[in-house]
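Data block below; observations after.
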Amino acid sequence: PMSFNNVITYTLEMLRKPTILLFVKAPTPGEVKTRLAQAIGNHAAADIFRDLVNAQLRRLPTDFALEIHYTPCEAEGSMQAWLGDTEVFFPQSSGDLGDRLNAATKSAFLRGASSVICIGGDCPGLKKAQFLETEEALEQGNDLCFGPTEDGGYYLIGLSRPIPEVFQNIPWSTPHTLAASIDQAESIGLKVHLLEALYDIDEEADLIRGRQEGLL
């Protein structure tokens with residue numbers, strides 16, 4: 001549990017800077033990085049996943065508030081053991097990815113976030129610069145900011161306010177995820193900013209590439 005001073009500090013940060021929502025699974029072998037595990041085994045893939053998330057946490061802007069949204073819902077104890085009990089943890093809601101993103105962003109805004117940035121933990125090229133660019137884009141009047149992945153999805157979404165429509169009727173985990181999300185946003189007149197395209201670590205080829213590029 002957070003101390004009273006930590007709660008106050010966390011609340012003040014939320015009012016001043018964007019709030020980062022890190023969506024992460026408990027690193028259970030066989031439950032994370034399953035495509036990568038087909039090549040290197042369940043335990044090795046889980047270790048890679050832990051390393052990716054730990055590295056991502058080190059690359060976050062230190063003056064942004066952070067919430068860790070975890071799954072499964074009974075994993076809070078293991079998540080705290082892994083990432084430390086000074087972080088702020090919330091269980092993810094039920095439903096598909098869109099339902100979970102919508103519920104988490106809505107609740108973060110209700111808690112007082114000025115803007116929200118959702119990420120996963122497996123994009124080794126995601127660094128402080130992209131967060132600062134997202135913050136600036138939202139401050140300059142963009143409604144949404146996407147960080148595209150090379151496979152057609154996105155590694156980051158930034159929102160200036162709750163926008164449930166952008167999470168509805170989206171083909172998740174397909175090459176059309178980002179395009180459908182942008183179409184949905186533009187159909188209701190939203191202004192969208194795009195970051196540079198990066199890649200997630202999903203398969204062995206991605207792992208090899210990340211190591212060759214010095215990202216892992």
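The values are calculated or read from the model by the stated rules, or taken from the named source; none is laboratory data. Note that the structure is a prediction, hence the values are computed from the model and not measured. Please note: Cβ atoms are built from the backbone with ideal geometry, for glycine as well, and neighbour counts cover all protein chains shown. Accessible surface areas use protein heavy atoms only, side chains included; no ligands, DNA or RNA. Shrake-Rupley method; radii C 1.70, N 1.55, O 1.52, S 1.80 Å.
Could you work out the helix-only [θ] at 222 nm for the chain, with each DSSP H run of four or more residues adding -39,500 (n - 2.57) and the total divided by the number of residues, to the nearest 500 deg cm²/dmol? Before the final figure, lay out the partial values.
Numbers: 8 runs with 91 residues, N = 216.
-13000 deg cm²/dmol, from helical runs alone.
Take the residue pairs 33/128; 25/191; 17/106; 106/127 and return only those whose Cα atoms are more than 22 Å apart.
Going by Cα-Cα distance, 33/128; 25/191; 106/127 fall outside the 22 Å limit.
Once the dipole of the chain is set up with Lys and Arg at +1 and Asp and Glu at -1 on Cβ about the Cα centre, which of 180, 137, 28 lies farthest towards its positive end?
Comparing the listed Cα positions along the dipole, 137 ranks first.
Among the chymotrypsin sites (Phe, Trp or Tyr not before Pro) in region 108-175, which ones are in a DSSP loop with at most 12 other Cβ atoms within 10 Å of the Cβ? Mind listing them?
Filter output for region 108-175: empty list.
With a cap of 16 neighbouring Cβ atoms within 10 Å, and only residues DSSP puts in a loop, list the trypsin sites (Lys or Arg not before Pro) found in region 29-101.
In loop regions of region 29-101 (DSSP not H, G, I, E or B), the sparsely surrounded trypsin sites (Lys or Arg not before Pro) are 59.
Could you work out the percent of alpha carbon pairs in region 46-205 separated by over 20 Å, rounded to a whole number?
51 percent
Express as a percent, rounded to the nearest 5, the fraction of DSSP beta bridges in the chain (both residues included) that run antiparallel. It would help to have the intermediate numbers written out before the result.
Numbers: 9 of 27 bridges.
Once the DSSP bridges in the chain are tallied, antiparallel ones form about 35 percent.
Can you tell me the accessible area per residue over the chain, all protein chains present, probe 1.4 angstrom, in square angstrom?
Value returned for the chain: 48 Å² of accessible area per residue.
Quick one: pull the percent of accessible area on the chain belonging to carbon and sulfur, 1.4 Å probe, ligands and nucleic acids left out.
Carbon plus sulfur share of accessible area: 50 percent.
At most 12 other Cβ atoms within 10 Å plus a DSSP loop assignment makes a site exposed; report the longest stretch of the chain without any exposed GluC sites (Glu not before Pro). Walk me through the intermediate numbers first.
Numbers: sites that count: 150, 196, 213.
That would be 1-149.
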